[in-house]
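Below is one structure, written out as structure tokens; the observations come after it.
The values are calculated or read from the model by the stated rules, or taken from the named source; none is laboratory data. This is a predicted model, so every value here is computed, not measured. We place every Cβ from the backbone using ideal geometry, glycine too, and count neighbours over all the protein chains shown.
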Amino acid sequence: MLVVLGSLRPDERLAWLRGALARRSLAEVVRFQARLDEVAHEAFTWDLWAAADRIFGGWCSDDGFRYFGLWTAGLGRDAFSRALADPDSLADVPEVQRLVGRPREMWNDDWPEWESLDYVALEAYGSL
């Protein structure tokens, strides 16, 4: 079954991922977390941090940047790869364009961070 995760709200995407991981072996869940950690490390560049800082309006903490990197990975492989090669490409991402001109206090679920992704494998592992 093909699931277009980008069309789901963040909580729906997380629920789908949690369910998918819960059907995997413990070893696969560990591999998922290891790969997620690798991706988060790939995203840890000063140029991408500068883009996050710009998107956030001039303030991006270290934790916020970690969750921004996870959110960027959640955009999909193509968008993530483009962002790593050229952080300015994030300006063309619909998820970022929805934020333009809106005050940050009105971003709600559109906030460009995905902290809960950092814990989904741990939760799946615990349930297995």
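Among the residues of the range 74-91, is any modelled with pLDDT under 95 and within 22 Å of Tyr125 (Cα to Cα)?
yes
Output yes when any residue across the range 69-85 is part of a helix (DSSP H, G or I), crowded, with 17+ Cβ neighbours inside 10 Å and charged (D, E, K, R), and no when none is.
Checking the range 69-85: at least one residue is part of a helix (DSSP H, G or I), crowded, with 17+ Cβ neighbours inside 10 Å and charged (D, E, K, R).
For Arg104, indicate whether it is modelled with pLDDT of 95 or more, over 17 Å from the mean Cα position of the chain (by Cα) and under 23 Å from Leu14 (Cβ atoms). Don't jump to the end; show me each part of the working.
Values: modelled with pLDDT of 95 or more: no; over 17 Å from the mean Cα position of the chain (by Cα): yes; under 23 Å from Leu14 (Cβ atoms): yes.
So Arg104 does not fit the description; no.
So, of the residues in the range 37-64 that are of a type in the set (Gly, Ala, Ser) and in a loop (DSSP other than H, G, I, E, B), which turns out to be surrounded by the fewest Cβ atoms within 10 Å (Cβ to Cβ)?
We begin by selecting, within the range 37-64, every residue of a type in the set (Gly, Ala, Ser); these are 40, 43, 50-52, 57-58, 61, 64.
With in a loop (DSSP other than H, G, I, E, B) added as a condition, the list becomes 43, 57-58, 61.
Values: Ala43: 22, Gly57: 10, Gly58: 7, Ser61: 12.
My answer is Gly58.
What are the residue pairs meeting all of these: first residue in the range 32-53, first residue farther than 11 Å from Phe65 by Cα, second residue not in a helix (DSSP H, G or I) and not polar (S, T, N, Q), Cβ atoms under 9 Å, and 6 or more apart or on different chains?
Correct list of pairs: Phe32/Arg24; Asp47/Asp86.
Could you count how many residues in the range 35-77 are within 19 Å of Arg98 (Cβ to Cβ) and either β-branched (Val, Ile, Thr) or under 13 Å from the mean Cα position of the chain (by Cα) (or both)?
12
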